[in-house]
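Remarks on the structure that follows.
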Protein chains: 2
Amino acid sequence: MERSVFSECEACQGLPAEEQAVIAALGTEVHFTPGEVLIEEGSRGGSFFILTAGRVEVLKAGQRVAEMGPGAILGEMALFNEDVRTSAVRALEPGALHCIPTAAIHQLVLQEEPAAIHMMETLGRLMVRRLQQRDTDLLQRLGGDDPALVRSMEEFGVLRRRLLSDWALKYHALGKPGKLEIVASKSVGTAADLSVAYSPGVAEPCLAIHAEPDRSYDYTSRGHLVGVITNGTAVLGLGNIGAAAAKPVMEGKAVLFKRFADLDAFDLEIAETDPARFIDIVCALGPTFGGINLEDIRSPECFEIERECSRRMEIPVFHDDQHGTAIIAGAGLLNALELVGKPIEEIRVVFSGAGAAGFTCARYFVTLGVRRENLILTDVRGVVYQGRGDGNYLEELAADTELRTLAEAVRGADVFVGVSAPNILTPDMLRSMSADPIVFALANPTPEIDYRVALQTRRDVLMATGRSDYPNQINNVIAFPYIFRGALDARARSINEPMKLAATHAIAALAREPVTAEAGVEETDLVFGREYLIPKPFDRRLLSRVSGAVAEAATRTGVARLALDPADYRRRLERLAQTM
Amino acid sequence: MERSVFSECEACQGLPAEEQAVIAALGTEVHFTPGEVLIEEGSRGGSFFILTAGRVEVLKAGQRVAEMGPGAILGEMALFNEDVRTSAVRALEPGALHCIPTAAIHQLVLQEEPAAIHMMETLGRLMVRRLQQRDTDLLQRLGGDDPALVRSMEEFGVLRRRLLSDWALKYHALGKPGKLEIVASKSVGTAADLSVAYSPGVAEPCLAIHAEPDRSYDYTSRGHLVGVITNGTAVLGLGNIGAAAAKPVMEGKAVLFKRFADLDAFDLEIAETDPARFIDIVCALGPTFGGINLEDIRSPECFEIERECSRRMEIPVFHDDQHGTAIIAGAGLLNALELVGKPIEEIRVVFSGAGAAGFTCARYFVTLGVRRENLILTDVRGVVYQGRGDGNYLEELAADTELRTLAEAVRGADVFVGVSAPNILTPDMLRSMSADPIVFALANPTPEIDYRVALQTRRDVLMATGRSDYPNQINNVIAFPYIFRGALDARARSINEPMKLAATHAIAALAREPVTAEAGVEETDLVFGREYLIPKPFDRRLLSRVSGAVAEAATRTGVARLALDPADYRRRLERLAQTM
């Protein structure tokens, strides 16, 4: 009987039957008659509901915004924040609700009851999806300048941020705190297992590695293990919040390595801001890992840290904040140029932002074929020109120019790349660019120019952002998991420029291909063009294409310890991608 | 049809049906007649067999040693080493074998076929069990001095070591190399999940920790995460083999943390032998972990390293090689003294071996109540006496005595503790000890005095070793997983002496209790006494007893950040133990 509460509830299908029973037992059945108000807008919420019979309507300010039937979940936001009855629910016909008090769920979560933990995860996920949907709906209606709509958009923005923030905290604390778990990959149940996994049998692989160090790839996790290392000096956009506070981001990065490339990654937060001492620590950790992903380290120290660690270590060292964006923006650039028919040697490129990401991306564009003299970097002080007296890494790309401001620099430019701050690129500046301007506005969450504003300003703009809700998202996850996968599988000693270029070309090539079922993405109507310059983050083909290209480049340039057969290796990755 | 090959095979019951089918398809059915020799002793092996019908006998030098029926696996050692047809197999009645070439299995293992990997694991485990069984059988027959038996024991010893060594290497390389995998503990399948696990949602826990550092226990894995850290200077008994070669041991240690206390542990091998620099590195890693288990670091540096790291860090630091043995030997000592009725203040104790384990154990015995003046340490140079001029940590326990050799020191002593070298304690020395002598001979695999020799020498000896095949094994796994579990659950700032003492007393108390079903151990006839002074390593009650006691001591002594309710906490651990 109790099971039937969930039987039509799509959001809860993932919960095992016994967990559904635990949750159902917390609630009570409430019958309703047509016209009855089940949830009042603006009230405080102490329960959520599963609609078990009958249809209801959802009202905002008296206007119907949705209609729902059996299996629907209502009022689930109350689990994350009490002040969230943002709409009313009214019965359309006789029916019944199963009413579950949020306090009962929270109580079970504290007791680490799996059913409650899974229910929270399920409803959190549902809420994120609903907020996303509502955001998209509002955005689509925001075409005109209706002040009421703008206000309701703003109000919704505040509510959304509050709910997501509450959920983000609850998600991290749910069940076992944090996001990583370390498990045995071999059978270790019995004393016989442990006698080879540990003493005495474990001495054999130790001796084999001692005799021949590269055997560590055969006998330890090293070959599939990435160290995600930070000192917490430039975490997300939050600045120097320190090593301890950086841990959630680093665990998240490790999760991405697993999710997208089935690599094992472990995060290290190192309380050491002195670059020389930090370098010594990272280098001493060499025997532990197969590769090092440096993360969220402030510039300019990050340049020296990556360079020195790469030089001293015999494994790949890669500062993702620098190269991740560069590699994907590079792919986007090649595809955009292909579409508009401009040769890379002739384009003029302007960067807004000359930190780790901007500077390295600019440098990488030169490697891709942009002429040094056609490139201008700008930062908060305007154009980085020769003689400005920066006296640091910026000198390398300081321009020999009379231009001094971003507005002056972008006039007639073919490409704008922003890795800086919201709304830096004004509509006027955009208008002053050449025909078919390419604009990569990567500041997050608010780009250097709003996507819709840019398209309203000029219909010939080719636009990419860092956001998932517009076309052409430049998301590092398209590159770093696969670059490491290829480098580690080839047991590479480094990630060199040819390997990065191979990644860029593989990413660019994939976007030009039809989106087949193999890709496994939701959007199946994607066709190479202005709105699809870059593959989607969840495209399953990225694994075999990018990792395959990177491993080949490693072999070709002599940094691979292991020569993989390219066709075999790609097939192996294709199989892996389909099981992930 | 094919499935039936495995249907009576007990060893293969763990393999899923589809994997059994894959393996069965590699082989062919061979029929035999009574008297036919199926395997010749001394031949090379290229296949292994599953007996599908009929009975066979196993012969060694023409003597029947076993009889087997349908479902038996024969010749499986050939998978690990070709030269291992150590016995013959002859048919007793008409029947059939399923014959599987080892090369076919090895081929599939290279292709990472799960069926082949699981088959190798299954047969490796079976082989270890069979070798163990054979060893026990031979040991039991070795009572007399039959030279043929001694020779065959020696030959078997060589074979066993070779096979275990081959298997240990294969086990570590099987499938995904190494023993650890890092997985997401939260749902991360969808873009909605990733938007809280990573950017933008992840900023919330970062900011919360930045504002209040202890929130890292709520929002990151830190609170259940142990760093297993070494510099590879004293690995097992292999010496200074370096950081890279130590990795298999450290991964194994992490596996033990998981297996016995459901803690997540990650191994770090640090290429830094200078103690001061090593200390700096470990201390900088503080924000990453909830506790640090130092491992396989040579003495005397290990003392300074542990002391300094403990002093500088706000999390537990514990050098297991020092304290693990001490805490369990302490429990064994208390129980042995209880049995023989000697007060701890009156006993005379002699240590053989004054390295990290010996020295710290001696010190700990003083904490437990042994009088400083009743304690003598010896090392390769004999008694550590005042004025010997050691000029190092040994001065602290140098004895004010005229005695100079181990033989002189043990005369009349009540307790001998060996953490040194094989066969150091001669039967004559043992005879010279007091009545009911307590002998902890912990050198591995060959103790300071052989268990049987000791009992043959004196029937009143109370004996413990480091070996699993004799009673009273002193195995660190009885202590460290649970000590860390208790310390981490209490969010302790350190592991102090009262916490170690609490562990010792909890371990000692458990051995005095009846072995109930809750213990989950194979040996159910254990009764507190000379042959059962210390709980078995797989006793499930250790988790709640030891961790509970340690967490209580942490709270009592003010080093706990979190005050756990003792009864609640124990119940939680009891539940956890039953699910592991």
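For segment B:242-354, the solvent-accessible area of protein heavy atoms averages 23 Å² per residue (probe radius 1.4 Å; ligands and nucleic acids excluded). Rounded to the nearest whole Hz, the Karplus-based 3J(HN,Hα) values (6.51 cos²θ - 1.76 cosθ + 1.60, θ = phi - 60°) of segment B:189-206 follow the sequence x, 10, 4, 5, 4, 5, 6, 9, 5, 10, 4, x, x, 4, 4, 4, x, 4, with x at glycine and proline.
Residues of segment A:149-178 with accessible area at least 40 Å² lower in the all-protein-chain context than alone (1.4 Å probe)? When all protein chains are present, A:A168, A:L169, A:Y171, A:H172, A:K176, A:P177 each give up 40 Å² or more of accessible surface. Comparing the full protein assembly with the isolated chain, the residues of segment B:227-255 losing at least 30 square angstrom of accessible surface (1.4 Å probe) are B:L236, B:L238, B:I241, B:A244, B:A245, B:K247, B:P248, B:V249, B:V255. Residue ranges B:476-482, B:61-67 sort as B:476-482, B:61-67 when ordered by packing (mean number of other C-beta atoms within 10 Å per residue, highest first). Summing charges over all other residues whose Cβ lies under 15 Å from the Cβ of B:G529, with Lys and Arg as +1 and Asp and Glu as -1, gives -3. The residues of segment B:435-580 expose on average 39 square angstrom of accessible surface per residue, using a 1.4 Å probe on protein heavy atoms. Computed from backbone phi with θ = phi - 60° and the Karplus coefficients 6.51, -1.76 and 1.60, the 3J(HN,Hα) list for segment B:382-391 is x, 5, 7, 10, 5, x, 5, x, 5, x Hz; x is used for glycine and proline.
Taking packing as the residue-averaged number of other Cβ atoms within 10 angstrom, the listed peptides A:343-355, A:509-521 run from highest to lowest as A:343-355, A:509-521. Give the interface area between chains B and A as buried accessible surface, both sides summed, probe 1.4 Å, in Å² to the nearest 100. The contact between A and B buries close to 8700 Å².
Projecting the Cα atoms of A:L26, A:L138, A:T405 onto the charge dipole of chain A, computed from C-beta unit charges around the Cα centre, puts A:T405 farthest toward the positive end. A cut-off of 5 Å between modelled amide H atoms, ignoring neighbours fewer than 5 places along the same chain, links A:V439 with A:F416, A:L462, A:M463, A:A464.
Each Lys or Arg adds one and each Asp or Glu takes one away; over the other residues whose Cβ falls under 14 Å from the Cβ of A:D262, this sums to +2. Let me make sure I get this right: for chain B, a, b and c are the square roots of the gyration tensor eigenvalues over alpha carbons, sorted descending. Under 1.5 in a/c it's rounded, otherwise prolate if a/b > b/c, else oblate. Which is it? Note, shape of chain B comes out oblate. Shielding by partners for peptide A:257-269, expressed as the average number of C-beta atoms from other protein chains within 10 Å of each residue's C-beta, is 4. Applying a 4.7 Å cutoff between beta carbons, the unpaired cysteines of the protein assembly as shown are A:C99, A:C206, A:C283, A:C302, A:C309, A:C361, B:C99, B:C206, B:C283, B:C302, B:C309, B:C361.
Going from the chain on its own to the full set of protein chains, segment A:196-217 has these residues losing 50 Å² or more of accessible surface (heavy atoms, 1.4 Å probe, no ligands, DNA or RNA): A:V196, A:A197, A:Y198, A:E204, A:C206, A:H210. Residues in segment B:41-50 carry Karplus couplings, in order, of 4, x, 6, 8, x, x, 9, 10, 9, 10 Hz; the curve used is 6.51 cos²θ - 1.76 cosθ + 1.60 with θ = phi - 60°, and Gly or Pro positions show x. Taken about its Cα centre, segment A:223-347 carries a charge dipole of about 160 debye when Lys and Arg each add +1 at the Cβ and Asp and Glu each add -1 at the Cβ. Going by the alpha-carbon gyration tensor, a ≥ b ≥ c the square roots of its eigenvalues, is segment B:245-284 rounded (a/c under 1.5) or, if a/c is not under 1.5, prolate (a/b greater than b/c) versus oblate? The shape class here is oblate. Counting Cβ atoms of other protein chains within 10 Å of each Cβ in A:465-472 and taking the mean gives 1. Residues whose amide H comes within less than 5 Å of that of A:I495, counting only those at least five positions distant or on another chain, are A:V317 (H built at 1.01 Å from N in the peptide plane). Taking amide H atoms as placed 1.01 Å from N in the peptide plane, the amide H of A:L180 lies under 5 Å from those of B:S185, B:S221, each 5 or more residues away in sequence or on another chain.
With 21 Å as the limit on Cα-Cα distance, the pairs of A:K179/B:K170; B:K253/B:K536; A:K170/B:K179 that go past it are A:K179/B:K170; A:K170/B:K179. How many percent of the accessible area of the protein assembly as shown is carbon or sulfur, using a 1.4 Å probe? Solvent-exposed carbon and sulfur of the protein assembly as shown make up 50 percent of the total.
Of all lysines in the structure, the ones whose alpha carbon falls short of 24 Å from that of B:K342, not counting any fewer than 8 places away in one chain, are B:K500.
The values are calculated or read from the model by the stated rules, or taken from the named source; none is laboratory data. No experiment lies behind these values; they were computed from the predicted model shown. Cβ atoms come from the backbone with ideal geometry, glycine included; neighbour counts cover every protein chain shown. Note: accessible area is taken over every heavy atom of the protein model, side chains too, but ligands, DNA and RNA are not part of it. Shrake-Rupley method; radii C 1.70, N 1.55, O 1.52, S 1.80 Å.
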